[in-house]
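Visitor: The structure is given below, and queries will be raised subsequently.
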Amino acid sequence: MNEISYAQSSLTEEDVPSTTTERVIAEVWAEVLNLDEVGRHDNFFDLGGHSVLATQAVARLRVALGRHLPERALFDWPTVATLASALPGYPVSEQDARIRRR
């Protein structure tokens, strides 16, 4: 995953992802949507996302965040900030837990 540098960002201070989780989500979305940057209040679908890209993003987020996200997570929580705030409600991925124990 390519880390986005927000030092020279065109995003407003309020829109820059403010937590590690928000930054990971924004980076995954930027990769999937082929964008330079994604703000915490940007809507995945308003940025050009659709169901196939949402499936790709969720698959990458499952690995990056170690959570079992359902396919419809981006439909329920379409902004970086809302998805990040909903994340604690999703279970930790068992596969990720097995990898960490090794």
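The values are calculated or read from the model by the stated rules, or taken from the named source; none is laboratory data. Just so it is clear, the structure is predicted and the values come from calculations on it, not from any experiment. So basically every Cβ, Gly included, is an ideal-geometry build from the backbone, and we count neighbours across all protein chains shown.
Visitor: Give me the pairs, please: first residue somewhere in the stretch 85-102 and in a helix (DSSP H, G or I), second residue anywhere and surrounded by 11 or more Cβ atoms within 10 Å (Cβ to Cβ) and modelled with pLDDT of 80 or more, beta-carbon distance under 7 Å, and either six or more positions apart or on two chains.
Guide: Listed pairs, sorted by first residue: ALA86/TRP77; LEU87/THR21; LEU87/LEU65; LEU87/ARG67; ASP96/GLY66.
Visitor: Quick one: is ALA57 part of a helix (DSSP H, G or I), touching a Phe, Trp or Tyr at 6+ places or on another chain (Cβ under 7 Å) and of a type in the set (Gly, Ala, Ser)? Quick ask: steps written out before the conclusion?
Guide: Details: part of a helix (DSSP H, G or I): yes; touching a Phe, Trp or Tyr at 6+ places or on another chain (Cβ under 7 Å): yes; of a type in the set (Gly, Ala, Ser): yes.
Answer is yes for this residue.
Visitor: Let me ask something else about it. Considering each of ALA73, ALA81, ALA30 in turn, give the residue that is at pLDDT 95 or above and closer than 25 Å to GLU94 by Cα.
Guide: Numbers: ALA73 fails: at pLDDT 95 or above; ALA30 fails: closer than 25 Å to GLU94 by Cα.
Sole residue among the options that is at pLDDT 95 or above and closer than 25 Å to GLU94 by Cα: ALA81.
Visitor: Same structure, new question: Inspect all residues belonging to the stretch 57-67 and state whether any of them is within 24 Å of SER10 (Cα to Cα), surrounded by 14 or more Cβ atoms within 10 Å (Cβ to Cβ) and either out of contact with any Asp or Glu (no Cβ under 8 Å at 6 or more places or on another chain) or at pLDDT 95 or above (or both). First the steps, then the outcome.
Guide: Here is the first cut: in the stretch 57-67, the residues within 24 Å of SER10 (Cα to Cα) are 57.
Still in the list and also surrounded by 14 or more Cβ atoms within 10 Å (Cβ to Cβ): 57.
Now drop any that are not either out of contact with any Asp or Glu (no Cβ under 8 Å at 6 or more places or on another chain) or at pLDDT 95 or above (or both), which leaves 57.
Yes, the stretch 57-67 contains a residue that is within 24 Å of SER10 (Cα to Cα), surrounded by 14 or more Cβ atoms within 10 Å (Cβ to Cβ) and either out of contact with any Asp or Glu (no Cβ under 8 Å at 6 or more places or on another chain) or at pLDDT 95 or above (or both).
Visitor: In addition: Is it the case that some residue within the stretch 1-18 is within 10 Å of the chain's Cα centre (by Cα) and surrounded by 18 or more Cβ atoms within 10 Å (Cβ to Cβ)?
Guide: Initial filter on the stretch 1-18 (within 10 Å of the chain's Cα centre (by Cα)): none.
No, the conditions are met nowhere in the stretch 1-18.
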